[in-house]
Structure formats: C-alpha cells, structure tokens
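Worksheet: one structure, shown below.
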Number of protein chains: 2
Amino acid sequence: MADEAAKLDDALRRQVDTVRRLKQEKASPEEVAEQVAKLLELKAQLGTDEGKHKFVLKTPKGTRDYNPKQMAIREKVFDIIISTFKRHGAEVIDTPVFELKETLTGKYGEDSKLIYDLKDQGGELLSLRYDLTVPFARYLAMNKITNIKRYHIAKVYRRDNPAMTRGRYREFYQCDFDIAGQFDPMIPDAECLKIVHEILSGLQIGDFLIKVNDRRILDGMFAVCGVPDSKFRIICSTVDKLDKATWEDVKSEMVGEKGLSPEAADRIGEYVRLHGGLGLIEQLLQDTKLSQNKLAREGLGDMKLLFEYLTLFGIADKISFDLSLARGLDYYTGVIYEAVLLQPQNAHREEPINVGSVAGGGRYDGLVGMFDPKGRKVPCVGVSIGIERIFSIMEQKVEASEEKIRTTETQVLVAAAQKKLLEERLKLISELWDSGIKAEMLYKKNPKLLNQLQYCEDTGIPLVAIVGEQELKDGVVKLRVVATREEVDVRRENLVEEIKRRTCQP
Amino acid sequence: MADEAAKLDDALRRQVDTVRRLKQEKASPEEVAEQVAKLLELKAQLGTDEGKHKFVLKTPKGTRDYNPKQMAIREKVFDIIISTFKRHGAEVIDTPVFELKETLTGKYGEDSKLIYDLKDQGGELLSLRYDLTVPFARYLAMNKITNIKRYHIAKVYRRDNPAMTRGRYREFYQCDFDIAGQFDPMIPDAECLKIVHEILSGLQIGDFLIKVNDRRILDGMFAVCGVPDSKFRIICSTVDKLDKATWEDVKSEMVGEKGLSPEAADRIGEYVRLHGGLGLIEQLLQDTKLSQNKLAREGLGDMKLLFEYLTLFGIADKISFDLSLARGLDYYTGVIYEAVLLQPQNAHREEPINVGSVAGGGRYDGLVGMFDPKGRKVPCVGVSIGIERIFSIMEQKVEASEEKIRTTETQVLVAAAQKKLLEERLKLISELWDSGIKAEMLYKKNPKLLNQLQYCEDTGIPLVAIVGEQELKDGVVKLRVVATREEVDVRRENLVEEIKRRTCQP
C-alpha cells in the first residue's frame, strides 16, 4: 500500500511538472486541459486535498522500517552473532553515527562518492559513517589503544543503488569483529575465519564458501603481469568486479577504461581463474614468475600458514584460496576474505552458484597509522558480517514455513469474568508486574471474556488469570491454560509461583 | 588527551584566521610577525607536519564513543529497561535514522531549528530523526496500524548546546514505550507512569518524583487567566522554562517578549505554583474560574481518574500533579509527565532539589492524523526514558565504588606450559569453541606461562586450561582456578563439562 501511494505520488509530481512545462511553452489550451484532467484524476486517486497532507508517506529511498515480526527475526540473528563474538572473548564498543567529514576522506577509494554528507548548518562538517572499520581505527588512534579485540554492531550508510529485494539497502547493519595488536602471523587472521564459519553454520542458512586471497599476492601478481605500480589500485578495483561480471567485460574495462595493455590483462586472466587450497599455494610458490616477487612470496608463505591453522580448526574444506578475490576498499594490506552463500548444487552445472556475499574482511595494518599524529601503526585484522541479506533469507524461510512467531513474551493475560472489575484487574496485574511476571490486560473498563480469550489466541499468550466475584470472595484466581482450556483455581498467594512454574520461568 | 588536542586545534584555527585578517587589514609587519610566531608555536604543540595528519582526532561536537566499560554499564541499563517494557507486553520496532525532511516539518515548534539536515546530494531531502515519536506516528499512518503497544530504543539527534558532563549530548539514546489505540480513558496513561516507576526503581539511582499535568488543564488555565487563544502555544513554551528559570524571569519573558498583559501573567503565576495530589485536583474542580472552562474540567476529571488508578498501582506517592509542568513539544493533547531525580533532601531546604529530568512523555492524539491522507486519528500515549543522564550517574557510581567491571565473558584461557605447543592450543581452543565454551588464547607462538596467567588476572578470566607435554601424553588438561591457584588434571573428554560446572553455565 505504501509503495502504491509513493508511486502515485511520483506520478502526480511528474504530472504537475508536465502541466507547468506546457504552460511555459504556451501549448494549446486543449493540450493543457487534457494534462490538467490527468492531474486531477491522479489527485483524486491519492485523495489529496489541495495543499493538505500532500507529503509522501514513506521511508527514505533504500531504507526500511522493521515491524515486530522482522525484529523478532533480527534479534534471533543478532543473538547468534553476538554470542559467537563473546565466545571469542570480544569486548564491545560504540561510536557516533557520524564522523568529521575529514575522518572518512581518503579511505574508500572510488566508493567515497557514496558517502552521505550532512548539511553545513554552521560548525563542523560531518558525514554518516560508511563502515565501522574507519571509526574503529579513529577510536584506536584517538585513545592510543594498541591492543584490543572488539565487536561493534551498528548501521552504516551508503548512497548506493538499492536493490532491497536482494537485501541491498542504503542504511544497513554491519556486525564487525576486529583484532588489533602486534601478534605472531596469521593467528588472529585464522580466528576471524573461524568466527565467520561458526556464525554461518549457526545461522543454518545453507552451504557457504569463504574465499581468501592476499593483497600482497595480488600486488605481486600485478607486478609480474606487467601492470605499472601506479595502476595497482584501479586494476584491483576492476578485478573486484569479477564476482558480478564476466572476464571479457573485466578485461575490456582494464584495457579500454584503465589503459592496460591487452597482454598484461591476459596474463592477469591466467591467474584470476585459479582457486584451490594448499595444493594451489604450493603450485604458486613454484611458479617461476610469481615466486620471484618478494611481496607475492610473503603473501603465499602466510597463506600457507593460514591454511595450516584452518586445518587445525577443522574448517579448511569451506575455505577457497581464490586469486580473483580483490575487495574494493583501499585500506587492506594483507589477507582478504569474503563469504558467499551457495545455492543447492545444480546437477547441470559444475560449480555451485554464488548468491551473494554475506561477510567480508581482511587485514589493514596501515589504517590506524593514518590517524596517529606520529603515524604509529597498529596492525589490525577483522571481519564484517553483512546482515541484511541474511535477514532477507531468514524472513523468506519463516514465511515459507508458516511457523508462527511470537512478538511478545507475555506469560499471562489478566482478565475479568464479569463487569465492574477494572479495579480488581489493575490491582492484580500490578502485583504480577511487581513480582516479575510478564502480564497484559485489555484497556477496557468492561471487556467481554470472549474478547479477552481471543486476544490470547491471537498473540500467543499461554495463560489467563481470571478474576470474578466468586473468586474474589474465595481468595482465589481462576488460571486458564489457553491451549487446553483447562481451568484451575489458584490461591492468590500462590499465583505468581504457579505462573512461573507453568511458563518455565526460573 | 583527545579534548586537549581538539582545544589546541581550535586555537590553531583561530590563530590562522587572525594572521589572515591582519594581512588583509595590512597590519604592521611587527604585528603580523608576532601572530605568526604564535601560530608556529601552536603548530609545534600539535606536532603538525605541514599538510600531513593535520586533521583533528575527535568525535563530532556533542557526541562520544562508548568504551567497553561504558558499554558494560549501558547494557546493564538497557537490560533493566527492556525487561520492563517486555514485562508489559510490548513489541519492538525499528525505523531508519533519517526521515524525509517533510516528515519532521511542523512537529516540534520552536525546537525545529535543532534538526540535523542531510546535504542535498540529489534525490530526497532528508533529516536525522529528532525523537522516536514522530517516526512512530509516521510508521502507524503508513502501515494503517490503529492498535499497537511497542518499544523502540535508538539514538536521536539534536543540534543543541551540549553539556556532556551533565549527560546532555547531540547524539543520545531514547528508550520509548507507546500505546496506540482507542481505549477507555487513562488506563494506558496510568500504565506508562507505572513503567517509569518500575524502571527508575529498578535502576536504583536514588529517589525520584514524577510530575504530571494535562495540556487541557494548561489551556483552560490560560483561557481563564486571559491569554488570547493565539498565544497558548508560545506561553506554554515559556511556562516550560520554569524548571530552570525563576518565576520573575518567566513572567518578564511573557510580558516582554510574548506581549502578555502583566495581570494575565500574574494570574498564571498563581496557578503554576500549585502542586499536589488528589486534594489539589478536588480543590481545582471547585475553583470558580477554572471549573467553568470545559477543557480544564475534562482534564481535571481525567486527572482524578488517573490518580485513582495510580493509587491501585501503589505508586501515587511518587506522583505530583504540578501545574507548572508544560513540556515544550507541540504535539501533546492530554496528560503530560516528566520524571526528575531528587538529590538527598537537605535539612536546610524545604523542597528536594531537582537534578534533572530522566523521563518524559504524554498523550498525543492528533499526531498520527497529521500523517494520514484522510486525517484519521489514532490516539497515542507514551513515555521516553532519557538514558544519557542515567548513564552518567551509573558511571559515577561505578567509579566511586571501585567495583571491577568485566568487559568480556571469557570462561577459560587456553595456555601452554612449554614452547612449541601452538598447534595443540589451536586444536584445544577450537574444540572448546565448538562446544560453546567462551575461550581465549594469546596470539603468540610461544607465550610465557606467567604472561598468560597475568592476562587472566587483568581481564578477570576465572580458569586456565594448560596444555603441556606430559598432559598431552596422559590425555589430560591441567585446569587452573585463577583466584585460588588450585590446579587439577581433567581428562580431555571431561574438560567441557568441568568448565561449564565451574562457571555455572547451563
């Protein structure tokens, strides 16, 4: 309905423009009259009184509300993610939704154009955060922290083209886990991958694959393929498009837009089709060209170590060393990774189909140094879980299963069997609240018993505490089990205990 | 330190401006040289290399980060608030951090100037939400919801003058609970006050008082005091300042700025000094002037009903009917309230001192109708808990008590007794994680045992699982209790159970 109204409203605005233009252009009276008639029809459809209620009733483009059912799913997903982060000993921090504009400048390469700026209303120039990584680095530098393992769950903002049905929004959650500090190689890096594995397994949203690569391997590969140093970053951004575009398109961008020689592009093409495990690492360590490059050798050595640790963690079978993985952000310096969900394997295809990235991250050893006045570096590695796509999948799953999700935790409805018992209901519900019982009542002076019972059916409240004149005299409350319609009289002083017992509250 | 740097940076910017101005004004070379010298000194203090790292390392004005200790306190406060909302059967929703600018227009009266606008980067004009009430009303109208009880906890934004030591920020949390729907009078209103009472009692932050009034009583009072209809809202805003200003200042604003007659102001002055309970309501119902006003009579009748319900809830002693309570927002239509914390009563004063508002709300029956294309109304009443001041108080309390707050939940550190046991540690910790145990290890190949034990002392981890060569041969792990230094050998297959038993994890 809301979408319908927004479309109508758009149509209305366009029609207003058309009429205005025709008048300016001194079009024929017939032509103007025809367009005005259309305009009036649209207005009638919208029920718009001239000048009143003429605003659009919608959330901003690329954003959405969460209704109670969606929130119930969201909280379930967050529970799994947060308990994983806590299982790995992470602390939690929070930062403001906006940062000084200059804090974000020069951190995101080509994507900087997607940053939301605030209007200059006097005072500092501000921008909405684009991710949680740059604010984290700013936080570390500002507080001179050289050692922390933290998570941060919050919304970030990108003026991207939204594709909301596929879980792409302009306002979306990131769930970040990062380890900052000077440590022995690849131990924290391996833990980040273990965390992604635990979360995606815990969410039970189907099979997945975690692709890994290393910026040093990419840079070494670019060097031996004959890419000039100055073009590493832009060619890297182009390689990053391989998950959505074909090699032919990517090559033509490299050669056409980025000015790379076709030969260099072809050499890159040979490498980026490679993916595998320890075997591929060994093979590339023997590669006569690549193994001569110092950066690539370092990257491959660390990649080997990483796979040894992943094997000890028992998760190497879900990890693919993939030379086509590039990741767009400027700040990565070492290992990078991205988790994708796989659709059920199709018998006619050899490869599982990639339905989209749900987590990504990597090592960024230089970012904190960009904020430190003396350029002191704090090595960091982290992962970000992209939750919106997971929400979409979970929502579809719930809808398909027709599972009834409760959106409240109410244990008991305080009801009246006769009229004129409002005061008694208020007294009883107050006692229950004060004893920690989750209780509701209808906000009517004299509700019908049937309506009160129906409310429990609708909302899933399992128990009804019924006060009636006889029960009041007897010092009892009638406790009704909604599912079985069983009714028992419970002495008022035992009611709290009985409700706790029946709803398994400790 | 960060504040220090920000001050220096401000000074630097001002000094740059001074030098520029002097040059423009063609000041004497000596004068310019003197100011340039000052400028260079400031730059040296800041350690600013020309053109490098010259940004300010800070959060935007009026905002702050939360470090892990502050987050631990924040989560404790949220737990109490959320469990209260859930005890009253509330669902939860979420809305975007920004709204279409027009959604917020005309809802906040004089305070509209405090709204943060986003920069026009093409597309819709957006503003950051100013509270959670207007987005809630927009949500109800957009989804045609006429009946809901929901809570919403999120940050809101106001370009106000921050006073951060007293918990006043430009980005701050609101915890809102609202009941929408057509119900019998004052039942949901009374529940909102019960919720405020439960939350403030649960937080244990000292004595408090909840002031209540009604917009209809205020309007009736203005009418019988001779305030012209057109001035009701601006005089109401002025009355709202009584909690911070004296009556003399408020009166002089009424007469001077707002053009009210001194006689009318004096008549208002008689009323706004009144506060009390049921007795005062009865007295005003007998007031010859006020009782002739229809609005005031309605408001007083409902106020009487409200106090009856509050008495049934057992909380009337904390509620004060206070004719000076006005609340600034335009959208209230009926009962309004505000909770203040009281300092310990001073023997020399008759009245407890108000240290500030921590919750407020009221009835707004017209707001949803402002969004509905056909103007259909949905009566609403709600309360907003202002959490920042409560955080400040809790933080001070924790600091004063020297209580040690843990910022992680880690149950066990996986440690090595000798060198070359990294692989064994990785294998063991992976087993523990997969069994749901919260476990950490140091990210060193060969950490010293002493350092590993020290890490537990520092972070409060209660147990250490130590792998050593002998233990590996024997198929056991040495489990050490950090507090008592007790050590026992536990068979590997029993380790998970033993850790759960000792850390009371179900």
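Please tell me which of these pairs span more than 31 angstrom C-alpha to C-alpha: A:K500/B:K155; B:K101/B:K374; A:K149/B:K113; A:K149/B:K478? Spell out each step's value before the answer.
Working: A:K500/B:K155 35 Å; B:K101/B:K374 21 Å; A:K149/B:K113 40 Å; A:K149/B:K478 26 Å.
Too far apart for the 31 Å limit: A:K500/B:K155; A:K149/B:K113.
Chains B and A together bury roughly 8900 Å² of accessible area, counting both sides, with a 1.4 Å probe on protein heavy atoms only.
Averaged over the residues of B:94-104, the number of partner chain Cβ atoms lying within 10 Å of the residue Cβ comes to 6.
If you take all other residues with their beta carbon under 10 Å from the beta carbon of B:G361, and give Lys and Arg +1 and Asp and Glu -1, the sum is -2.
The mean number of partner chain beta-carbon atoms within 10 angstrom of a residue's beta-carbon across peptide B:421-428 is 3. The lysine pair count for the stretch A:186-302, using Cα distances under 14 Å and pairs eight or more places apart or on different chains, is 4.
Between A:K258 and B:R20, how high is the FRET efficiency from 1/(1 + (r/R0)^6) when r is the Cβ-Cβ distance and R₀ = 51 Å? Nearest 0.05.
Working: r = 42 Å, r/R0 = 0.82.
Once the sixth-power term is evaluated, E becomes 0.75.
Ordering A:S392, B:S112 by accessible surface, largest first, gives B:S112, A:S392; the 1.4 Å probe counts only protein heavy atoms, with every chain in place. Remark: the stretch B:189-264 carries a charge dipole of roughly 140 debye about the Cα centre, counting +1 on each Lys and Arg Cβ and -1 on each Asp and Glu Cβ. Note on surface exposure: B:R159, B:R502 rank B:R502, B:R159 by accessible area, highest first, 1.4 Å probe. Model label points for A:K76 and B:D287, set 7 angstrom from Cα along the Cα-to-Cβ axis, are 5.5 nm apart. Taking the inverse of the mean 1/r over every pair of distinct Cα atoms in the stretch A:250-370 gives a Kirkwood hydrodynamic radius of 16.6 Å.
To the nearest 10, the accessible area of A:E270 is 110 Å² with a 1.4 Å probe. Inter-copy label distances at B:D184, shortest first and taken from points set 7 Å along Cα to Cβ: 7.2 nm.
With a cut-off of 12 Å between beta carbons, the residues surrounding A:L242 carry a summed charge of -1, where Lys and Arg count +1 and Asp and Glu -1. Inter-copy label distances at A:N446, using a point 7 Å along Cα-to-Cβ, come to 8.7 nm with the shortest given first. Of all DSSP-defined beta bridges confined to the stretch B:202-338, some 65% are antiparallel rather than parallel. Each residue was assigned an accessible area with a 1.4 Å probe, and for A:T146 the value is about 90 Å².
Taking all protein chains as shown and a probe of 1.4 angstrom, A:M164 keeps an accessible surface of around 80 Å². Relative to the dominant Cα principal axis of chain B, helix B:68-87 is inclined by about 50°. The stretch A:157-197 and the stretch A:252-319 have their alpha-carbon centroids 22 Å apart. A straight line joining the Cα centroids of the stretch A:97-130 and the stretch B:434-506 runs 45 Å.
For the protein assembly as shown, with every protein chain kept in place, what is the accessible area per residue (1.4 Å probe, Å²)?
Numbers: 45510 Å² over 1012 residues.
In whole numbers, the protein assembly as shown has 45 Å² accessible per residue.
Taking Cα atoms only, the orientation of helix B:215-225 departs from the longest principal axis of chain B by about 30 degrees. Using the empirical formula 2.2 N^0.38 Å as the baseline, the Cα radius of gyration of the protein assembly as shown reaches a ratio of 1.06.
A DSSP coil position with no more than 13 other Cβ atoms inside 10 Å describes the following GluC sites (Glu not before Pro) in the stretch B:440-506: B:E486.
Modelled spin labels at B:K294 and B:S401, positioned 7 Å past Cα toward Cβ, are 5.5 nm from each other.
Kindly work out what percent of the DSSP beta bridges joining two residues of chain B are antiparallel, to the nearest 5.
On the way: 52 of 64 bridges.
Of the beta bridges lying entirely in chain B, close to 80 percent run antiparallel.
A cut-off under 9 angstrom between Cβ atoms defines the neighbours of B:E171, and their net charge, with Lys, Arg +1 and Asp, Glu -1, is +4. Accessible-area rank, largest first, for B:F78, B:F391: B:F78, B:F391, with all protein chains present and a 1.4 angstrom probe.
May I ask you to compute the full-extension gain from A:Q418 to A:D120, defined as 0.36 nm times their residue separation minus their alpha-carbon distance, rounded to one decimal in nm?
Working: separation 298, 0.36 × 298 = 107.28 nm, distance 6.20 nm.
Result for the pair: 101.1 nm of gain on full extension.
Take the Cβ-Cβ distance between B:D317 and A:E497 as r, set R0 to 35 Å, and report the resulting FRET efficiency rounded to the nearest 0.05.
Working: r = 28 Å, r/R0 = 0.81.
Taking R0 as 35 Å, the efficiency between B:D317 and A:E497 is 0.80.
Under the convention that each Lys and Arg Cβ holds +1 and each Asp and Glu Cβ holds -1, the size of the dipole of chain A around its Cα centre is about 1040 debye.
Return the carbon/sulfur percentage of the accessible area of the protein assembly as shown, one whole number, probe 1.4 Å, all protein chains in place.
Roughly 50 percent of what the probe reaches on the protein assembly as shown is carbon or sulfur.
Among the residues of B:118-129, the average count of other protein chain beta-carbon atoms within 10 Å of the residue beta-carbon is 5. Helix A:387-401 and the long axis of chain A differ in direction by around 50°, with both axes built from C-alpha atoms.
Semi-axes of the equivalent ellipsoid for chain B, computed as √(5λ) from the eigenvalues of its C-alpha gyration tensor and ordered from largest down, come to 52, 36, 22 Å.
Give me the percent of DSSP beta bridges within the stretch A:335-468 that run antiparallel, rounded to the nearest 5.
On the way: 11 of 18 bridges.
Bridges in the stretch A:335-468 are about 60 percent antiparallel.
Label-point distances for B:G109 to the equivalent site in the other copies, using a point 7 angstrom along Cα→C-beta, read 5.3 nm when ranked shortest first.
For the protein assembly as shown, a simple Cβ point-charge model (Lys and Arg +1, Asp and Glu -1, everything else neutral) yields a dipole of about 540 debye relative to the Cα centre.
Among residues of chain A, the one whose Cβ lies closest to the rotation axis carrying chain A onto chain B, together with that distance rounded to whole Å, is A:K119, 2. For the stretch A:210-289, the square roots of the Cα gyration tensor eigenvalues, ordered a ≥ b ≥ c, give a/c of at least 1.5 with a/b greater than b/c, which places it in the prolate category.
The values are calculated or read from the model by the stated rules, or taken from the named source; none is laboratory data. Predicted, not measured: the structure shown is a model, and the values here were computed from it. Glycine gets a Cβ as well: all are built from the backbone with ideal geometry, and neighbour counts include every protein chain shown. These area figures cover heavy atoms from the full protein model, side chains too; ligands, DNA and RNA do not enter into them. Shrake-Rupley method; radii C 1.70, N 1.55, O 1.52, S 1.80 Å.
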